[in-house]
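Novice: Have a look at the structure that comes next, please.
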Amino acid sequence: MVDRDCDILILGGGGAALYAALKAHAADPRLRIVVASKGLFGKSGCTRMVQGGYNVVLHPDDSFDKHYDDTLRGGGMVNDQELAWTLVTQAPERIIELENRFGCYFDRNADGTIHQRALAGQSFNRTVHRGDLTGIELMSRLSEQVLVSGVEILNEVRGVDLLFDEHRERVCGALLLDMNRGTLTAMAARAVLLATGGAAPLYRITPASLEKSGDGLAMGCRAGAEFIDMEMMQFHPTGLIAGDSVMTGVVLEEGLRGAGGHLVNAQGERYMARYDPAKMERSTRDRVSRSGFMEIRAGRGTPQGGVFLDVRHLGKEFLLKSSPGMYKRCLSVGYDMAKDPIQVTPTAHFQMGGLRIDPECRTSLPGLYAAGEDAGGVHGANRLGGNGVAESIVFGAVAGTTMARELAAAAPRPSSAEAKRTAARLDAREGSANPFRLRRDLGAVAWDHLGIIRSRDGLAQAGRELDRIEQVLGAVGIPAERAGDAAFNERLNLENLLEVSRLIGLAATLREESRGSHYREDFPETSPEGLFNTCLRRAPDGTITAERRPVRFTRRRPEDLKGETVIPTDKATPAAVAAQSTEI
Ligand SMILES: Cc1cc2nc3c(=O)[nH]c(=O)nc-3n(C[C@H](O)[C@H](O)[C@H](O)COP(=O)(O)OP(=O)(O)OC[C@H]3O[C@@H](n4cnc5c(N)ncnc54)[C@H](O)[C@@H]3O)c2cc1C
C-alpha cells in the first residue's frame, strides 16, 4: 500500500465534485487538491446526462420565494428548509459564473436574455438549458477548467473507505483503489468530500450511470455519519424497455405525456383513469410511476413487463420536431414512435435521501463533507425537475469554499494501524460465488420491496433476502491480483449497495404513511404526523440507530403553503411543448 497526502480529497467526478475542486482551488491556488473518480473524469456520472436543465430565478417576475415554495411543496414539506433556501438563493450566482467565467453557453431568447423553459411542479418557467444537452455543456466546460487548474485527477480510482486519526475523532483521508492497476493508496487529507452521486442504480431498472453504487453513502455509513430520509427515492414513470440492452431504463421525457401521450395497459385501457381521472397522464411523476407499477403487478403489463406509451396520434412531424433525440433513441431499439406504442416502465431516477449536511456541506463527522446526490435533505420527499443539477452545482461550490476555509491547521494523519485494518478487508481469499448474479438478485429485491410500493411485510421480506445476499457475498472470492478485475469491483459495489439497501429499508419502515416518492400500501394516506425526518446512523457496535426528528420549520410552516402549484405541463398544448420541450 502506498502512503500519500494532499490538502483536499474529493471523491467523485460529476458536477458536485468538479465544482468543489474549482472553488477550493480559487480560494487558495496553493492547495493540493486531488479528485479521485471511479468513472472516467468528465465522462462519468449523471450530471453529464442532464437534458432538462437547471432551475434558477433570473426573470424579474420570478422570485426566490416562488422557487422556494415550489421546492417545499414538491418535497412534501419535509425538506431541510435551510438547505432548500441555500439552493434557491445561490443558484443564480452559479449560472452567471458558469457563463461568464467557465464559458458555458445556454440557450437565449431573441432579446438576448437566457431562455428558461417550463418543467413540472414549478410556478414559473425557470429552467436554464442548452438544448437537450445541458449536462454535456456543463461537464465539458467544468472539466476544461479543472484540467488547466493544476488540480490532480486520478482516473478510474475509487474511494473504498474513509480513514480516521488514531483517536477516531476526525476523518483525515481515504483508502483508494486504482481499478486498473489494482494498487491501494492510503491518501491522507485535511478535508474529504463525498460526491459519488448516490445509489439509484441499486434498482433493477435505472437510467443512472451504472458505475455508481452508493459508495460514498456506504463509506459514510461505515464511518458512522448521520443520514436523513433514506426512504426517499424518486422513480421516473417512463423508462424505455429494450430487452436486456443497457438502454432499458433510459428516460423518455415527460414532455411526451404533457403533449398528450397516452399510457395504456396490455388490455388497451388508459389506466390512469383508475388512479387520477382528473389529470390522467399529466399527473405527478410519483403517482404515474406508482400507477404503472400497479398495472404491471396486477398482470395487465406488456409482454416485456411494462406498459405502453402511445404517442402515435401526435404525428410524426410533431414528434420529430419536439423530441428528435428520443425519436432516434427509440428507433435504435426497434420502435418507430409515430407507428408503434412504446413499452415503458418506471425507472429508478434520483436519490433524495443521503448524508445529513448543514448549509456549509459539513456532515456529522469532523473533516468529512458531502455534496450533490450523496447529500440528503434538500428535496424532501420529491425532487423537482431541474433542482437536481442545481443542487450539485450550488452545493459543490459551497463544499469547495467551506473545505478551503476550514482546513485544520495541522490535520492529524490517518492512523497507519487503521489504514492497514481497512485494507485487510481486501486481502485475497478463496470463494466461488458469482457477484454478477447476486447483483441481479439485489436489484430485484430492491425493485420488489424497497421501491415504488412498500409495505411492512415487503420490507420484512427484503430484510431476510438482504441477509441471504450478504451471506452469499461472503463467499465471493477476492483475487490476489486485483488489477482490472471486474468481479472484485462488483463485490465492492455489492457491499456498498447492501449497506444502502439496509438504510432504505429501515427508513421506509419508520415512515408509516405515504408522502411524495415514499408509498406504503399499508399506510396509503399522507399523515399530519408525518412531518418528520428519518435519521439513521451506524453505531460503533455495528447496529443502526434510527429516529424520527420533527421537521424544523425555520422559514415556512405547512399552513403557509396550502394549495396547488401551477404545473405548466398540465396546460401544455403540443405546440407549447414543442416550443418548451419539457424534461426531467
Ligand atoms: C437520465 C438523467 C437525466 C437527468 N436530468 C436532469 C435534469 O434535466 N435536471 C436536473 O436538475 N437533474 C437531472 N438529473 C439528476 C442529476 O443528473 C443529478 O442530480 C446530478 O447530476 C448528480 O450530480 P453528482 O455530482 O452528485 O453526481 P454524478 O454527476 O452522478 O457523479 C458521480 C460521480 O462519482 C463517481 N464515483 C462513484 N463512486 C465513486 C467512488 N467510490 N470513488 C470515486 N468516485 C466515485 C462517478 O464515477 C461519477 O463521476 C438527471 C438524472 C438522470 C439519471
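The numbers here are math on the coordinates, done by the rules we state, and not lab data. Keep in mind the model is a prediction, meaning the values are calculated, not measured. Cβ coordinates were reconstructed from backbone atoms using ideal geometry, including for glycine residues, and neighbour counts include every protein chain displayed.
Novice: If I take all pairs of Cα atoms in segment 3-75, what percentage of them are more than 17 Å from each other?
Specialist: Working: 1604 of 2628 pairs.
The answer is 61 percent, as a whole percent.
Novice: Place a +1 charge on the Cβ of each Lys and Arg in segment 256-319 and a -1 charge on the Cβ of each Asp and Glu, then give the dipole magnitude about the Cα centre in debye, rounded to the nearest 20. Before the final figure, lay out each step's value.
Specialist: On the way: 12 positive and 7 negative charges, 27 e Å.
So the dipole magnitude of segment 256-319 works out to roughly 120 debye.
Novice: Next question, about the same structure. Can you work out the FRET efficiency for the pair LEU147 and LEU210, with r the C-beta to C-beta distance and R0 = 25 Å, to the nearest 0.05?
Specialist: Details: r = 25 Å, r/R0 = 0.99.
It comes out at approximately 0.50.
Novice: Greater than 24 Å separation of Cα atoms is the criterion. Which listed pairs, LYS43/LYS212; LYS212/LYS321; LYS212/LYS328; LYS66/LYS562; LYS66/LYS321; LYS38/LYS420, meet it? Write down the numbers at each step before the final one.
Specialist: Values: LYS43/LYS212 13 Å; LYS212/LYS321 33 Å; LYS212/LYS328 26 Å; LYS66/LYS562 13 Å; LYS66/LYS321 31 Å; LYS38/LYS420 22 Å.
Flagged as over cut-off: LYS212/LYS321; LYS212/LYS328; LYS66/LYS321.
Novice: Another question about this same structure. In straight Cα distance, which aspartates and glutamates are under 12 Å from LYS279, not counting same-chain residues fewer than 8 positions off?
Specialist: Cross-link targets: ASP570.
Novice: Applying 1/(1 + (r/R0)^6) with R0 = 35 Å to the Cβ-Cβ distance of SER332 and ASP28, what FRET efficiency is obtained, to the nearest 0.05?
Specialist: Values: r = 47 Å, r/R0 = 1.35.
Using R0 = 35 Å, I get an efficiency of 0.15.
Novice: Taking the Cα centre of segment 149-246 as origin and charging only Cβ (+1 Lys, Arg; -1 Asp, Glu), how large is the dipole, in debye to the nearest 20?
Specialist: Working: 8 positive and 13 negative charges, 17 e Å.
In total the dipole reaches around 80 debye.
Novice: Across the chain, how large is the tail of the calculated P(r) beyond 38 Å, expressed as a percent of all Cα pairs? The partial results should precede the final answer.
Specialist: On the way: 43703 of 170236 pairs.
Summing the P(r) tail past 38 Å for the chain gives 26 percent.
Novice: I would also like to ask the following. 7 Å from Cα along Cα→Cβ at both GLU317 and HIS167: what's the point-to-point distance in nm?
Specialist: With each label placed 7 Å out from Cα toward Cβ, I get 7.5 nm.
Novice: OK, next. Which distance in nm do the two modelled labels at ARG456 and ASP3 give, with both placed 7 Å along the Cα-to-Cβ direction?
Specialist: About 5.4 nm separates the two model spin labels.
Novice: For segment 78-159, just the Cα set please: Rg and Dmax, both in angstrom.
Specialist: Rg, Dmax (Cα atoms, Å): 15.7, 47.
Novice: Can you tell me the relative contact order of segment 262-382? Whole percent, Cα pairs under 8 Å, sequence separation 6 or more.
Specialist: Working: 152 pairs, mean separation 24.3, N = 121.
Once normalised by length, the contact order is 20 percent.
Novice: Oh, and also: Quick check: residue separation of GLN304 and ARG429 times 0.36 nm, minus the Cα distance between them. What number comes out in nm?
Specialist: Numbers: separation 125, 0.36 × 125 = 45.00 nm, distance 3.96 nm.
Result for the pair: 41.0 nm of gain on full extension.
Novice: Also: Where a ≥ b ≥ c are the square roots of the eigenvalues of the C-alpha gyration tensor, would you call segment 390-487 rounded, which needs a/c under 1.5, or, failing that, prolate if a/b is larger than b/c, or oblate? List each step's numbers first, then the result.
Specialist: Values: a/c = 2.45, a/b = 1.28, b/c = 1.92.
Because a/c hits 1.5 or more and a/b fails to exceed b/c, segment 390-487 counts as oblate.
Novice: Separate question: Compute the length gained on full extension between ASN100 and ARG297: take 0.36 nm times their separation in residues and subtract their Cα-Cα distance, giving the result in nm to one decimal. Each step should come with its number before you reach the end.
Specialist: Values: separation 197, 0.36 × 197 = 70.92 nm, distance 5.03 nm.
That works out to 65.9 nm of additional length.
Novice: For a footprinting-style exposure proxy, rank ASP467, ASP441, ASP61, ASP7 by other Cβ within 10 Å, fewest first. Before the final figure, lay out each step's value.
Specialist: Numbers: ASP467 11, ASP441 16, ASP61 7, ASP7 19.
Least crowded to most crowded, the residues run ASP61, ASP467, ASP441, ASP7.
Novice: What do you get for chymotrypsin sites (Phe, Trp or Tyr not before Pro) in segment 103-203 restricted to DSSP loop and a cutoff of at most 14 other Cβ within 10 Å of the site's Cβ? Display every interim value, and only then the final one.
Specialist: On the way: sites: TYR105, PHE106, PHE124, PHE164, TYR203; in loops: TYR105, PHE106, PHE124, TYR203.
The qualifying sites are TYR105.
Novice: Given the -39500 (n - 2.57) contribution per DSSP H run of 4+ residues, what per-residue ellipticity at 222 nm results for the chain, rounded to the nearest 500 deg cm²/dmol?
Specialist: On the way: 16 runs with 200 residues, N = 584.
Per the formula, -10500 deg cm²/dmol.
Novice: Please check which bits of segment 402-439 a label hung off ARG181 would reach, taking the label as a point 7 Å along Cα-to-C-beta and the cut-off as backbone N under 20 Å.
Specialist: Under cut-off, by backbone N: 419-420, 423-424, 426-428.
Novice: Among all stretches of the chain without exposed trypsin sites (Lys or Arg not before Pro) (DSSP loop, at most 10 other Cβ atoms within 10 Å), which one is longest? Spell out each step's value before the answer.
Specialist: Values: sites that count: ARG30, LYS339, ARG552, LYS562.
Counting only loop sites that pass the neighbour cut-off, the longest clear stretch is 31-338.
Novice: Looking only at the chain, where both bridge partners belong to it, what percent of the DSSP beta bridges are antiparallel (to the nearest 5)? Can you show the working numbers first?
Specialist: Working: 45 of 68 bridges.
That works out to approximately 65 percent antiparallel.
Novice: Continuing with the same structure: Check PHE164: other-chain or 5+ apart residues with amide H under 5 Å from its amide H, H built from backbone geometry?
Specialist: Amide H neighbours of PHE164, under 5 Å, 5+ apart: CYS172, SER415.
Novice: How far, in nm, would the chain grow between ASP560 and ASN109 when pulled straight, counting 0.36 nm per residue and subtracting the alpha carbon separation?
Specialist: Numbers: separation 451, 0.36 × 451 = 162.36 nm, distance 3.44 nm.
Between ASP560 and ASN109, full extension yields 158.9 nm more.
Novice: Show me, for segment 432-437, the HN-Hα J-couplings you get by feeding each phi into the Karplus relation (A = 6.51, B = -1.76, C = 1.60, θ = phi - 60°), rounded to Hz, glycine and proline as x.
Specialist: Residue by residue, segment 432-437 yields 10, 5, 9, x, 5, 5 Hz.
Novice: Distance from the Cα centre of segment 164-212 to that of segment 1-40, in angstrom?
Specialist: Between the Cα centres of segment 164-212 and segment 1-40 lies a distance of 12 Å.
Novice: If the only charges are +1 at each Lys and Arg Cβ and -1 at each Asp and Glu Cβ, what is the size of the charge dipole of the chain around the Cα centre, to the nearest 20 debye?
Specialist: Working: 72 positive and 76 negative charges, 95 e Å.
Rounded to the nearest 20 debye, it is 460 debye.
Novice: Fewest Cβ neighbours within 10 Å first, please rank GLU317, GLU82 accordingly. Can you show the working numbers first?
Specialist: Working: GLU317 10, GLU82 15.
Lowest count first: GLU317, GLU82.
Novice: Over all alpha-carbon pairs of segment 493-565, lay out the pair-distance distribution in 10 Å bins, whole %, shortest bin first.
Specialist: Taking every Cα pair in segment 493-565, the percentages come to 16, 40, 30, 12, 2.
Novice: Need one number: nm distance between label points at THR526 and SER63, each 7 Å from Cα along Cα→Cβ, rounded to one decimal.
Specialist: It is 2.3 nm.
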